[in-house]
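Nothing in this text is a laboratory measurement; each read-out follows from the coordinates by a stated rule. On a predicted model such as this, the values are computed, not experimentally measured, just so you know. Note that we place each Cβ from the backbone using ideal geometry, even for glycine, and neighbour counts take in every protein chain shown.
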Amino acid sequence: MKNIVIFGAPGSGKGTQSDRLVAKYGYEHISTGDVLRAQIKNGTELGKTAKTYIDNGQLIPDSLMVDILAKTYDSFGKVEGVIFDGFPRTIPQAEALKAMLAERGTDVAVMLDLDVPEDELMARLINRGKTSGRADDNEETIKKRLDVYHLQTSPLIEWYKADGKYNHINGLGDMEKIFADICVVIDNAKSI
Ligand code: AMP
């Protein structure tokens, strides 16, 4: 079993690379952002709560997220791997993920940090906003999301280094090259 954390700032290419990994390896994929957007679309109570945070560029409280994550993870049948895209985003979430996987006899195999410079992130997200229809892909909210990333999410880089799972990936440039770099790390990771 390979549990793979695809990590990076908003706009770093986590979703794009996750889709390609699913196509290549047949792994399951959890995008917490997609789960929340589906809840909003379906008008659920969770969706209503989530919307106020998402539209403001803020993170949804950890306790809610951890619950959603465990439910989604347990809905998968027997799989060779799971890609976590957009989770964890805080240190408590990383701790909860580790504990949840330990309870199920497994752990994170690798964390991949898609590293992209700030000006490129901004440009990509503004461009994405033209077609994504996402309420949070506008300049003001993008700035907030990048601030939240630096304050609350980027400390996970040191956390995963300490846990021995960290892998740096240059997320700028040719998409094929980025994907190939990711595949090398995954192929070399030990199944847990
Ligand atoms: P994403 O699609 O990953 O960019 O997520 C969009 C938004 O959903 C974020 O800006 C947060 O408001 C919320 N969100 C997604 N994943 C998480 C998470 N793991 N923890 C807290 N909030 C999240």
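Close amide H pairs (under 5 Å, H built 1.01 Å from N) link Ala135 with no residue at least 5 positions away or on another chain.
Using only side-chain charges placed at the Cβ, +1 for Lys and Arg and -1 for Asp and Glu, the dipole size of the range 55-167 relative to its Cα centre rounds to 240 debye. Using a simple spin-label model with pseudo-atoms 7 Å out from Cα toward Cβ, Asp34 and Asn127 lie 2.2 nm apart.
For the chain, the relative contact order works out to 34 percent when only alpha carbon pairs closer than 8 Å and six or more residues apart are counted. Extension gain for Met1 to Glu80 (0.36 nm times residue separation, less C-alpha to C-alpha distance): 28.0 nm. Each label point was placed 7 Å from the Cα along the Cα-to-Cβ direction; for Lys48 and Ile157 their separation is 4.0 nm.
A straight Cα-to-Cα reach below 13 Å connects Lys165 with the aspartates and glutamates Asp107, Asp113, residues fewer than 8 places away in its own chain not being considered. The packing ranking, built from the mean of other Cβ atoms within 10 Å per residue, places the peptides 6-18, 126-138, 58-70 in the order 6-18, 58-70, 126-138, highest first. Placing +1 on the Cβ of every Lys and Arg and -1 on the Cβ of every Asp and Glu, with nothing else charged, gives the range 7-111 a dipole about its Cα centre of roughly 260 debye. If the segment from His150 to Ala135 were pulled out straight at 0.36 nm per residue, it would be longer than the present Cα-Cα gap by 3.3 nm. Taking the convex hull of the alpha carbon positions in the range 17-73 and averaging its projected area over all directions gives 4.5 nm². Label positions at Asn188 and Asp174, each projected 7 Å from the Cα along the C-beta direction, are separated by 2.0 nm. Placing unit charges on the Cβ atoms only, positive for Lys and Arg and negative for Asp and Glu, gives the chain a dipole magnitude near 400 debye about its Cα centre. Once you sort the root eigenvalues of the Cα gyration tensor of the range 43-192 as a ≥ b ≥ c, which label holds: rounded (a/c under 1.5), prolate (a/b larger than b/c) or oblate (the other case)? Cα axes put the range 43-192 in the oblate bin.
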